[in-house]
Amino acid sequence: MFDNFPLWPQRASTIAGNVDALFIFLLIVTGLMTVLVFSAVIYFAARYRHRRGVPAEQIEGSTPLELTWTFIPLAIFMVIFAWGAIVYFKERTPPRDATEVYVVAKQWMWKLEHAEGQREINELHVPVGQDVKLIMTSQDVIHSFYVPAFRIKQDVLPGRYTIEWFHATKAGTYHLFCAEYCGTQHSGMIGSIVVMEPAQYEAWMSGSPSGPLSAAGEKIFAELGCATCHRMDTQGRGPNLLGVFGKPVQLEDGRTIVADENYVRESILDPGAKVVQGFKPVMPTFQGLVSEEQLNALVAYVKSLSKPVGQPSVKTASGQEMAPKAPAKGSQVE
Ligand code: CUA
């Protein structure tokens, strides 16, 4: 009906309908309130207008009336709060087993790298009907990854990872915008999300010869000499990284944290920040020595050391084949 007069962008993700429903509810509530308030203003202005010879009547307040206009709005606001929280948590919580794509923003472009190794600039190809998790960081200033058709938007910050996810429901090409002013060519920092049918996507994927990102990470891990300390046994000067990702880690200062992307990243750039219990802060920082892309590859590699059974076995930095059952305990999320 609204084909030539679109009031909303296309809905192309599972969350889009949820966001729109809440938005429409807010529109209706605020619209009704506006009509109510202005009708009352006009009615009272006429009804209680100044009349010659009629003295003003003093009204001393009414408890039932005040309770009514306190509790009805409170109830409406609580509905908005609860509904908003539900949609928010759904949108903020990436499902397990989502396909992962690493995003590096810079002035003024988007660099995307699939866990399978495909690299893209300002374009992201994804299959329809699959959960996709974006692990995003920036090389310079704050950007924002915004796809109106999916109703998702998330700031992309330098120095840390932020996460967003979507599940595309319709094949097509959708706008990608940078939604945070980031310099002269901010408005040109645009791209597209190409949602493809699974078969098409398979064909597109097989067109690229590059190996998985984790393999690139493994190579960097070996080149930087990480493997000399992070050995695959208990004799290393650094913790064994097998099965660590997604698991709680006991720290030297008594805290327990979960090993997520940001933890791995921080441990590479600022190794003294969170030292694992039983180890000394002897690791040097790699700040300035690894690029954002190399960091992503290293994170993907550490993650691959915790893949559940069924995933292809991974090789250690020394070239030794590890049995897939060893890291099986460290299935990604608990
Ligand atoms: Cu990047 Cu605006």
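The values are calculated or read from the model by the stated rules, or taken from the named source; none is laboratory data. It should be emphasised that the depicted structure is a prediction, and the values quoted were computed from it without experimental measurement. Cβ sites come from the backbone with ideal geometry, for glycine too, and all protein chains shown count toward neighbours.
Applying the condition of being more than 16 Å from the ligand (Cβ to nearest atom) and among the aliphatic types (A, V, I, L, M) to the stretch 95-127 and asking which residue is surrounded by the fewest Cβ atoms within 10 Å (Cβ to Cβ) yields Ala98. Take Leu134 and decide whether it is more than 30 Å from Met283 (Cα to Cα), surrounded by 20 or more Cβ atoms within 10 Å (Cβ to Cβ) and within 16 Å of the ligand (Cβ to nearest atom). In short, no. Counting the residues of the stretch 194-245 that are under 26 Å from the mean Cα position of the chain (by Cα) and acidic (Asp, Glu) gives 3. Has the stretch 213-226 got at least one residue that is in a strand (DSSP E or B) and either acidic (Asp, Glu) or modelled with pLDDT of 85 or more (or both)? For the stretch 213-226, residues in a strand (DSSP E or B) and either acidic (Asp, Glu) or modelled with pLDDT of 85 or more (or both): absent.
Under the condition of being free of Cβ contacts under 8 Å to residues at least 40 places away in the same chain and under 28 Å from the mean Cα position of the chain (by Cα), the residues counted in the stretch 1-59 number 8.
Answer yes or no as to whether His143 is modelled with pLDDT of 95 or more and under 28 Å from Val302 (Cα atoms). For His143, the condition - modelled with pLDDT of 95 or more and under 28 Å from Val302 (Cα atoms) - is met. For the stretch 231-249, taking the residues that are closer than 20 Å to Arg265 by Cβ and of a type in the set (Val, Ile, Thr), the one that is surrounded by the fewest Cβ atoms within 10 Å (Cβ to Cβ) is identified as Val249. Here Ala46 passes the criteria (1) more than 16 Å from the ligand (Cβ to nearest atom); (2) touching a Ser or Thr at 6+ places or on another chain (Cβ under 6 Å); (3) modelled with pLDDT of 90 or more; (4) not hydroxyl-bearing (Ser, Thr, Tyr) except the one numbered (2). Taken together, the residues in the stretch 250-268 that are touching a helix residue (DSSP H, G or I) at 6+ places or on another chain (Cβ under 8 Å) and surrounded by fewer than 18 Cβ atoms within 10 Å (Cβ to Cβ) amount to 1.
Among Arg92, Arg151, which is the only one that is at pLDDT 90 or above, basic (Lys, Arg) and exposed (fewer than 13 other Cβ atoms within 10 Å of the Cβ)? Of the residues listed, the single one that is at pLDDT 90 or above, basic (Lys, Arg) and exposed (fewer than 13 other Cβ atoms within 10 Å of the Cβ) is Arg92. Criterion first (on the phi < 0 side of the Ramachandran plot, of a type outside the set (Ser, Thr, Tyr), surrounded by fewer than 17 Cβ atoms within 10 Å (Cβ to Cβ) and away from the ligand (no atom under 16 Å from the Cβ)) does Glu218 satisfy it? Answer is no for this residue.
Return yes or no: is Cys178 over 22 Å from Trp8 (Cα atoms) and crowded, with 19+ Cβ neighbours inside 10 Å?
Spelling it out, it is not the case that Cys178 is over 22 Å from Trp8 (Cα atoms) and crowded, with 19+ Cβ neighbours inside 10 Å.
Scanning the stretch 125-143 for any residue that is within 16 Å of Ile190 (Cβ to Cβ) and not in a strand (DSSP E or B) turns up nothing.
Contact map, the stretch 180-199: first residue among the acidic types (Asp, Glu), second residue more than 16 Å from the ligand (Cβ to nearest atom), Cβ cut-off under 8 Å, separation 6 or more or different chains; pairs are Glu197/Pro127; Glu197/Val128; Glu197/Ala171.
With a requirement of 3 or more residues that are more than 15 Å from the ligand (Cβ to nearest atom) and more than 15 Å from Ala16 (Cα to Cα), the strands (runs of 3 or more DSSP E) lying completely within the stretch 144-202 that satisfy it span 190-196.
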